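Everything below concerns the one structure shown next.
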Amino acid sequence: MIRAKTAYRTWRDRWRRLTARKYFWPAVLTAGLAFSIAADKYDFVDLYVQLIIIYVGINIILTVSLNLINGYMGEFSVGHAGFMAVGAYTASLLTVYAFPPGLQQLLFPLAVLAGGLAAALIGFLVAIPSFKTRGDYLAIVTLAFCMIVKSVLENIDAVGGPRGLLGMEKLTTLPWVFFWTALSVWVIRNLVYSNFGRGVLSVREDEIAADLMSVNTRQVKIIAFIVSSFFAGIAGGLFAHALQFINPRMFDIIKSTDVLIMVYLGGIASIAGSVIGAVIYTILLEILRPLGVWRMVFMPLLLVVLMIYRPRGIMGLRETRLFEPLSDLATITLWRQKKKEAPDGAP
Amino acid sequence: MALLDLQHVTHRFEGLTAVSDFNLAVAPHELVGVIGPNGAGKTTVFNLITGVYRATEGSIRLEGRELVGQTPHRITASGIARTFQNIRLFRELSVLDNVRIAHYRQMAYSPAEALLHIGRFRAEEKRITLGALDLLSIFKLDDAANEKAKNLPYGLQRRLEIARALATGPKLLLLDEPAAGMNPNEILQLMDFIRWIRRTFDVTIILIEHQMRLVMGICERLVVLDFGATIAAGLPSEIRTNPKVMEAYLGEEAAS
């Protein structure tokens, strides 16, 4: 028993020392990218498994970006599917109609980026009226937004109407998913551990107090919302080119609910939680596929149980050291050392 | 010139006049008390100064600049900080982050630099973190820097709230019932503490308080509110013997 405990401690300390190394993240990212390129090129991973990994990546992007609004900022948005739709349609229209056939693969990142930017622009337009006043308007506005997007898409024949859009090549490959997933996690983690991120957190904790501590809460909320919808758009672009087919029904409120479940399963206000939530949920859904319709019973049930026993999710309001910025910890350590050397510094 | 100048400030909620024709000029480095019974409109005055409410009539000037109509974060950035009657810390955040958030306006990097952690980001973060830690150590809160604010004992939460307010770099500090929930002994310490803050941070202070002992002990000047109206203003010794004030506090019969 005691031996097991000491063994656990040594391994934990080793793990901590390893992750605190400067080259830890570059090494992990390089390895991940190398693996994804190899898997894509030589097909030594089953195609079905590859597709699931792609969905895991897309869901991580969706979860981590929605967590910024629903977890870190404490607002309640249900419009993520709408922003995803904007990204998906923008990117697909570009690859299907605008890009020359030979350059599809080369220009694909631009299509995805355009999808993200379009979603960000729409996000900005949604954010302006929603954040004009304090309170729970965001849930209502984003719900309405989601419905508007769906019915607008259903009524434009140029984008296929209710039948949807076809003809995309399978451009979403493992390396690209890896790249966009890593980028979104990195950027949102950076935002969270910055001045603006602390502003976002202060909005959740006490908006009036935040305002009175000189935080421009409206600006902070709009920035967070733009970043969040940008990545939802990115996820949409990747999704469209993984499935090679989209229609408006895919982006209804059920899709938003899926993302909400992943956020609250993994844990609010946690990068690690977002990743865990997306991975568990996506894989669980695949494992339960034989259950057919019954898995739609199982998943909400899981959520209910979770809300009772762990209302903030698996990693709610906690973060692993992995995602905490080393420079921040280093500054605190440096300051403590200095204080120890000059103990008469403080009154 | 007065640091803060309130002229004919009136505020109405629907039909209720919470503050009517309030006048107050505070000179730099002064320590002024606003007293009055419950519901007299004291906190409303603070909410008007800090922009939480917008004054229905009148003008509020800080160093000659009009504050009425400005957003709270602008007003705070121009040099007014406050604490709250019922503590309003960012409870789930660390003590350090509570203070760092108050540095919001002093951070000189753009959203793009924050998203990518490039450019001025590192240097600025380091500067602000060190500054926040220095401030915490002045308030003897540095050992608790990584604790969540909600886990601090009540007294330390009050202290953290003052530290957080000072982190915004104010010229004028508004303290809303800092002695709430304190015993007589702690109030004596608090009096020294408030004087020390004024000296160390070179701030002007307006204080709302119920505890007469505290107010009489440290304030240089007092304004007495009752039902939104100013019923007396002057030196503590004058207020103590003012029949109107005694009436407001003790009731008509006792005063006569």
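Brief remarks follow.
- Restricting attention to the protein assembly as shown, close to 60% of DSSP beta bridges with both partner residues there are antiparallel.
- DSSP beta bridges in region B:157-256 [antiparallel fraction, %, rounded to 5]: 50 percent
- In this structure the amide hydrogen of B:GLY33, modeled in the peptide plane, comes within under 5 Å of the amide hydrogens of B:LEU207, B:GLU220, B:ARG221, B:LEU222, B:VAL223, none closer than 5 places in sequence on its chain.
- Each of B:MET212, A:MET73 has some number of other Cβ atoms within 10 Å of its Cβ, and from fewest to most they run B:MET212, A:MET73.
- Candidates A:ARG204, A:ARG16, A:ARG318: whichever shows maximal mean-square fluctuation once chain A is modelled as a Gaussian network with Cα springs under 10 Å: A:ARG16
- Kirkwood analysis of the Cα pair distances in chain B returns a hydrodynamic radius of 19.4 Å.
- Between region B:39-99 and region A:176-215, the alpha-carbon center distance in angstrom: 24 Å
- Per residue of peptide B:211-221, the mean number of Cβ atoms on other chains within 10 Å of the residue Cβ is 0.
- With the helix formula -39500 (n - 2.57) applied to DSSP H stretches of n ≥ 4, chain B reaches a computed 222 nm mean residue ellipticity of -11500 deg cm²/dmol.
- Take each residue in B:72-79, count the other chain C-beta atoms within 10 Å of its C-beta, and the mean is 5.
- Per-residue Cβ neighbour rank within 10 angstrom, fewest leading, A:TYR89, A:TYR48: A:TYR48, A:TYR89
- Across all Cα atoms of the protein assembly as shown, the radius of gyration (one decimal) and Dmax (whole number) stand at 28.4, 99 Å.
- Partner aspartates and glutamates whose Cα lies under 16 Å from the Cα of A:LYS221, excluding those fewer than 8 positions away in the same chain, are identified as A:GLU75, A:ASP136, A:GLU205, A:ASP206, A:GLU207, A:ASP211.
- Here's the picture: charge each Lys and Arg Cβ at +1 and each Asp and Glu Cβ at -1 in region B:158-243, and of B:PHE201, B:MET216, B:LEU235 the one pushed furthest to the positive end of that dipole is B:PHE201.
- In degrees, nearest ten, helix A:217-243 long axis to first principal axis of chain A (Cα): 50 degrees
- Potential extension, A:MET296-A:ALA20 segment - 0.36 nm per residue separation minus Cα distance: 95.3 nm
- Among the residues of A:213-224, the average count of other protein chain beta-carbon atoms within 10 Å of the residue beta-carbon is 6.
- For region A:174-180, 3J(HN,Hα) per residue [Karplus equation, 6.51 cos²θ - 1.76 cosθ + 1.60, θ = phi - 60°, Hz, x = Gly/Pro]: 3, x, 5, 4, 4, 4, 5
- Among beta bridges from DSSP that stay inside chain B, the antiparallel ones total about 55%.
- Expected-Rg normalisation [2.2 N^0.38 Å, Cα atoms] applied to region B:90-163: 1.17
- Between A:ARG318 and A:LEU33, the C-beta separation translates, for a Förster distance of 30 Å, into a calculated FRET efficiency of about 0.60.
- Extending 7 Å from the Cα toward the beta-carbon at both B:ALA25 and A:LEU306 defines two label points whose distance is 6.3 nm.
- With a cut-off of 10 Å between beta carbons, the residues surrounding B:LEU156 carry a summed charge of +1, where Lys and Arg count +1 and Asp and Glu -1.
- For region A:45-341, with +1 on Lys and Arg beta carbons and -1 on Asp and Glu, the positive-most of A:MET307, A:VAL297, A:GLY167 along the dipole: A:MET307
- Across B:GLU57, B:GLU14, B:GLU92, mean-square fluctuation computed from a Gaussian network of chain B (C-alpha pairs under 10 Å connected) peaks at B:GLU14.
- Extreme residue, positive dipole direction of the protein assembly as shown, given options B:ALA77, B:PHE139, A:SER36 (C-beta unit charges): A:SER36
- Local net charge near B:LEU207, Cβ-Cβ under 9 Å (Lys/Arg +1, Asp/Glu -1): -3
- From least to most packed, judged by other beta carbons within 10 angstrom and beginning with the fewest, A:SER202, B:SER20 follow the order B:SER20, A:SER202.
- Structure remark: mean-square fluctuation, Gaussian network model of chain B, C-alpha springs under 10 Å; the largest value among B:GLN85, B:GLN157, B:GLN70 belongs to B:GLN70.
- Charge sum, other residues only, whose C-beta stays under 11 Å from B:ALA81's C-beta, Lys/Arg counted +1 and Asp/Glu -1: +2
- Histogrammed with a bin width of 10 Å, the alpha carbon distances of region A:45-341 distribute as 7, 27, 35, 22, 8, 2, 0, 0 percent, first bin at zero.
- Direction-averaged projected area, Cα convex hull, region B:40-179: 9.8 nm², rounded to one decimal.
- Dipole magnitude of the protein assembly as shown about its Cα centre (Cβ charges: Lys, Arg +1; Asp, Glu -1), debye to nearest 20: 1920 debye
- Helical mean residue ellipticity (222 nm; -39500 (n - 2.57) per DSSP H run of 4+; nearest 500) of chain A: -23500 deg cm²/dmol
- Spatial separation of Cα centroids for region A:223-290 and region B:113-170, in angstrom: 35 Å
No value in this document is a laboratory result; all are computed from the given coordinates. Note that the structure is a prediction, hence the values are computed from the model and not measured. Don't worry about glycine lacking a Cβ; one is built from the backbone with ideal geometry, like all the others, and counts go over all protein chains shown.
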